[in-house]
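The values are calculated or read from the model by the stated rules, or taken from the named source; none is laboratory data. Remember, predicted model here, so these are calculated numbers, not experimental data. Here the Cβ is made from the backbone with ideal geometry for all residues, glycine too, and neighbour counts use every protein chain on show.
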């Protein structure tokens, strides 16, 4: 049986290139997604062995999607593709249950190896992030855990992408009042009281791209 993969990246050409690479090696790409929400739906429906996801995607980024899949679909192992080699991102990825962390500038050489190792129950990190991994765990005790819940992180991303409260409610399948409550609560937790500052926080913490 070939390893079954859901592939998520918001850039069509990148996704097509990755799909060709994977299929040449005998892997089966069972579904493609252009954002994290779509990826989560595909994984929950198809139960693939591996989900390969870009960390920077609209609506729901790869990191938040990984948190969701670790909760709802733990049998599917997540591999993140990213340009970020900073300790902050790696620490959060590991806390989210990610099993593979592949730098985009090493994807051609690393992704196939990552899939094979992760499918055997191992964790794979691109060689270029080894120093950052050590730093991430050395500084872990000095940094507080992200204060936001997964839902609040999702709401924050959508707000930072310019979505209205009504849009947020529609995209997340919740009531407008519930979306408003999430917005109010996350602003209180972060001690941020204006949308522009929320957007800046989201950019600085890698929740959205500038």
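Some values worked out for this structure:
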read-out: Positions within segment 174-190 being surrounded by fewer than 18 Cβ atoms within 10 Å (Cβ to Cβ) and either at pLDDT below 90 or not in a loop (DSSP other than H, G, I, E, B) (or both), in sequence order; value: 176, 177, 178, 180, 181, 184, 185, 188, 189, 190
read-out: Filtered residues of segment 74-83 (kept if surrounded by fewer than 20 Cβ atoms within 10 Å (Cβ to Cβ) and in contact with a strand residue (DSSP E or B) (Cβ under 8 Å, 6 or more places away or on another chain)); value: 83
read-out: Verdict on residue 58 being within 23 Å of residue 12 (Cα to Cα) and assigned by TED's automatic domain parsing to the domain that holds residue 18; value: yes
read-out: Cross-chain or 6+ apart pairs with Cβ under 7 Å, segment 176-195 first and farther than 12 Å from residue 156 by Cα, then surrounded by fewer than 16 Cβ atoms within 10 Å (Cβ to Cβ) and at pLDDT 90 or above; value: 176/166
read-out: Selection status of residue 7, more than 22 Å from residue 159 (Cα to Cα), part of a strand (DSSP E or B) and under 11 Å from the mean Cα position of the chain (by Cα); value: no
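Here is a yes/no grid of residues against (1) part of a helix (DSSP H, G or I); (2) within 19 Å of residue 203 (Cβ to Cβ):
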site: 67; (1), (2): yes, no
site: 70; (1), (2): yes, no
site: 81; (1), (2): no, no
site: 84; (1), (2): no, yes
site: 89; (1), (2): yes, yes
site: 92; (1), (2): yes, yes
